[in-house]
Amino acid sequence: MWIRIRRGTGLARRRDRARHALGRHPRRLVVPRLWRCQGGFRDGRGRARVSTSAPHAIAIIGSGATGYTAAKVLRAEGFTGSITMIGSEHAAPYRRPTVSKELLTGTKSIEQVQLGSAIDGVDVRSGVTAVGVADSTVLLDDGDPVPYDALLLATGSRARQLDLPGHVFTLRGAADVEPLHADILRTRSLLVIGGGLIGCEAAAAARSLGAEVTVLEAAAAPLNRIAPAAVSQMYVDLHADNGIAFHTDVAVTDLTEQGDGTSLVTAADGRSWSAGTVLVSVGSVPNVELGAGMGLEIGSGVLVDAGMRTSTPNVYAAGDVAEVPNRLLGGTYRSEHWNGALDQAARAARSMMGVEPGDLDVPWGWSTQHGVNLQFAGWTRATDEYVVARGSVADRHFTACALRDGRLVGAIGVGYPKDIRQVRAAIATGSPVQRDQLTEAWLDGPQAVVR
């Protein structure tokens, strides 16, 4: 595809003229144009259908996957107004799932995991923080105001902290990688507090770097938010096979720095472990502070409707910070996975333009540990009833479907990505699926449309 590059007309301030990964300076980037034919909503002559009430100036707070995708979709759908994307990170938008995998192991550089080309005419303010929103204007910490007609909060989330003395690492963004990577190589030992997806991925990455690794989990099993007991045990065994020790039911109460430079972590029941490097990976906290300061309705995140609209007109939210409605099961949920961020960003962009955004996809995600790729979809819980429809958990090659009150709500598996797509499609239709239907024949059948 031919890409036409257009130079910005504005002059950089003298202090902003350092080169940036996607442009001439870090504050304002002008990037390659997306051809309009890439948009998804068209009239009969191939033109984007844009509402006459579409805004003229859009501000996006957050330059991660959500913010970048929203800007990309806006341009692809024919939006010609101004777009300003504000982000505190200096790095160009990148694939955040690589933070606990390829970036931490060092097998890929930040340049290799960038999201893609910059987007034509988008004013990117990187390395600055939005400190407030008032009178349809975003206030930045460098003193610059950013006026808007429509605002997208794509502020994401941050690593949850524990109230522990001493020095510990967290792992959320690219800036966290190099210090942690260097310390693992220096100490050759890592203690991970938290046995969720990121903690387990970081443990596997550290082990591949030659470190001795121990994982402490507060619950009775790792990955207990999304996986049944059999799959959790499979991962305990997988890590053990690779030399990683798992300890569960651990309530960490203290961390003491010892004379030899290691840290001693103590649990409420008296157990203790020591390591040269300690990583705290106990989930995330949505960055709702800006939204709360604006008076938006807040639950576990910023509450939005099916069009990603918040309780305030012309203000939208998407990605980790958003709490979205579940049209299939009722209630609301917060998706903290990569694919959910992209999907919600696209819906928010179309909604801002006055175009029907369509239904959110059934969420899904993945995790790679020790070369084993786990995929999961829907809204699975450890307490759901699971039917292994294909393969065997013991063989680490399976598809298990999750039922709740007799209803198909999700799936989890290794080695059969097509099955996960089939289950997602079946859930999206809302059609009932009986327990005894969940077989290989059903997974291979034509009743679900693979997307």
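The values are calculated or read from the model by the stated rules, or taken from the named source; none is laboratory data. Worth saying up front: this structure is predicted, and the values here are computed from it rather than measured. With ideal geometry, Cβ positions are generated from the backbone for all residues, glycine too; neighbour counts draw on all protein chains shown.
Ser157 meets all of the listed conditions (1) touching an Asp or Glu at 6+ places or on another chain (Cβ under 6 Å); (2) farther than 25 Å from Arg309 by Cα but one, namely (2).
Evaluated against (1) in contact with a helix residue (DSSP H, G or I) (Cβ under 9 Å, 6 or more places away or on another chain); (2) under 16 Å from Pro228 (Cα atoms); (3) crowded, with 18+ Cβ neighbours inside 10 Å, Thr380 falls short on exactly one condition, (1). A search for C-beta distances below 9 Å between a residue of region 357-377 that is in contact (Cβ under 8 Å) with a residue 60 or more places away in the chain and at positive phi and any residue that is part of a loop (DSSP other than H, G, I, E, B) and surrounded by fewer than 17 Cβ atoms within 10 Å (Cβ to Cβ), counting only pairs 6+ apart in sequence or on different chains, returns His370/Asn242.
Determine which member of the set Ala230, Ala204 is modelled with pLDDT of 95 or more and over 28 Å from Gly64 (Cβ atoms). Talk me through it step by step, then tell me what you get.
On the way: Ala204 fails: over 28 Å from Gly64 (Cβ atoms).
None of the others qualify; the one that does is Ala230.
Kindly establish whether Ser335 is among the polar types (S, T, N, Q), surrounded by 18 or more Cβ atoms within 10 Å (Cβ to Cβ) and not in a helix (DSSP H, G or I). The answer is yes for Ser335. Filtering region 407-441 to residues that are surrounded by fewer than 17 Cβ atoms within 10 Å (Cβ to Cβ) and touching a strand residue (DSSP E or B) at 6+ places or on another chain (Cβ under 7 Å) leaves Gly415, Pro417, Arg435, Thr439, Glu440. With respect to Lys72, determine if the residue is assigned by TED's automatic domain parsing to the domain that holds Trp338 and either closer than 30 Å to Gly195 by Cα or modelled with pLDDT under 85 (or both). Taking the combined requirement at face value, the residue does not satisfy it. Among the residues of region 65-123, those that are in contact with a Lys or Arg (Cβ under 8 Å, 6 or more places away or on another chain), of a type in the set (Val, Ile, Thr) and without any contact (Cβ under 8 Å) to a residue 40 or more places away in the chain comprise Thr98, Val113.
So Ala292 fits all but one of (1) farther than 18 Å from Thr214 by Cα; (2) buried (at least 21 other Cβ atoms within 10 Å of the Cβ); (3) not charged (D, E, K, R); what number is the exception? Of everything listed in (1) farther than 18 Å from Thr214 by Cα; (2) buried (at least 21 other Cβ atoms within 10 Å of the Cβ); (3) not charged (D, E, K, R), Ala292 misses just condition (2).
Among the residues examined, Asp444 does not qualify as touching a residue at least 60 places away in the same chain (Cβ under 8 Å), more than 21 Å from Trp338 (Cβ to Cβ) and either surrounded by fewer than 19 Cβ atoms within 10 Å (Cβ to Cβ) or not assigned by TED's automatic domain parsing to the domain that holds Arg327 (or both).
Across region 173-230, which residue is surrounded by the fewest Cβ atoms within 10 Å (Cβ to Cβ) among those that are of a type in the set (D, E, K, R) and over 21 Å from the mean Cα position of the chain (by Cα)?
Going through region 173-230, the residues of a type in the set (D, E, K, R) turn out to be 176, 178, 183, 186, 188, 201, 207, 212, 217, 225.
Those still in the list that are over 21 Å from the mean Cα position of the chain (by Cα) too: 183, 186, 188, 207, 212, 217.
Working: Asp183: 17, Arg186: 12, Arg188: 14, Arg207: 20, Glu212: 16, Glu217: 24.
Checking each candidate, the answer is Arg186.
Looking across Ala411, Ala389, Ala402, Ala346, one residue alone is outside the structural domain of Asp241 (by TED's automatic domain parsing), of a type outside the set (Ser, Thr, Tyr), under 22 Å from Met308 (Cα atoms) and modelled with pLDDT of 95 or more. It is Ala346.
What number of residues in region 402-438 are within 18 Å of Ala229 (Cα to Cα) and basic (Lys, Arg)?
Matching residues across region 402-438 total 1.
For region 206-226, a residue qualifies if it is in contact with a Ser or Thr (Cβ under 7 Å, 6 or more places away or on another chain) and under 21 Å from Glu336 (Cα atoms), and the qualifying residues are Glu217, Ala219, Ala221, Pro222, Leu223, Asn224, Ile226. Only one of Gly365, Gly378, Gly270, Gly291 is small (Gly, Ala, Ser) and more than 30 Å from Thr248 (Cα to Cα). Can you tell me which? When all the criteria are applied, what remains is Gly291.
Consider region 311-332 and keep the residues that are touching a Pro at 6+ places or on another chain (Cβ under 9 Å) and in a loop (DSSP other than H, G, I, E, B). The one that is surrounded by the fewest Cβ atoms within 10 Å (Cβ to Cβ) is Gly331.
Note on region 378-429: residues that are in contact (Cβ under 8 Å) with a residue 12 or more places away in the chain and assigned to a loop (DSSP other than H, G, I, E, B) total 11. Scanning region 150-168 for residues that are in a loop (DSSP other than H, G, I, E, B), modelled with pLDDT of 95 or more and either closer than 21 Å to Leu74 by Cβ or touching a Leu at 6+ places or on another chain (Cβ under 8 Å) (or both) yields Ala154, Thr155, Gly156, Val168.
Every test in (1) within 20 Å of the chain's Cα centre (by Cα); (2) surrounded by fewer than 22 Cβ atoms within 10 Å (Cβ to Cβ); (3) at pLDDT 95 or above is passed by Met308 save one, and that test is (2).
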